[in-house]
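Structure first, then comments.
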């Protein structure tokens with residue numbers, strides 16, 4: 001299930017704070033005009049979760065994560081960690097796939113950028 005990426009939501013801000021604290025490993029996957037995918041490491045380093053971003057027909061950004069919270073339609077730190085990386089790549093004109101692992105870095109400007 002895809003959740004709307006709404007920066008006004010407190011739950012999304014809380015997920016950003018957790019991804020800042022955990023700093024999980026993020027791997028870029030496929031990117032098309034319609035969607036972008038990433039894999040994000042769990043906090044214990046034992047599992048990878050799939051994160052995908054897309055846009056509605058009206059242009060609103062949406063995201064999903066395969067972790068338990070994501071399956072329960074909640075914002076999670078995997079989603080926000082991938083969003084940080086996605087925004088940074090788009091800002092620098094880099095389109096996934098990226099051949100190496102990319103580490104999520106916290107940045108106030110990345111959080112404010114639209115999903116591509």
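Data table
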{"item": "Linear extension gain, residue 94 paired with residue 46, 0.36 nm per residue minus alpha-carbon span", "result": "14.4 nm"}
{"item": "Pair residue 6, residue 57: separation of 7 Å Cα→Cβ label points (nm)", "result": "2.1 nm"}
{"item": "Taking region 5-70 and dividing mean pair separation by its residue count, relative contact order in percent (alpha carbons under 8 Å, at least six apart)", "result": "21 percent"}
{"item": "In Å, descending, principal axis extents of the Cα set of region 6-95", "result": "33, 25, 22"}
{"item": "Separation of the residue 21 and residue 34 label points, Cα + 7 Å toward Cβ, nm", "result": "3.8 nm"}
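Every number here is computed from the coordinates shown, using simple stated rules; none is lab data. Just so we're clear, the structure is a prediction, and the values are computed from it rather than from any experiment. Please note: Cβ atoms are built from the backbone with ideal geometry, for glycine as well, and neighbour counts cover all protein chains shown.
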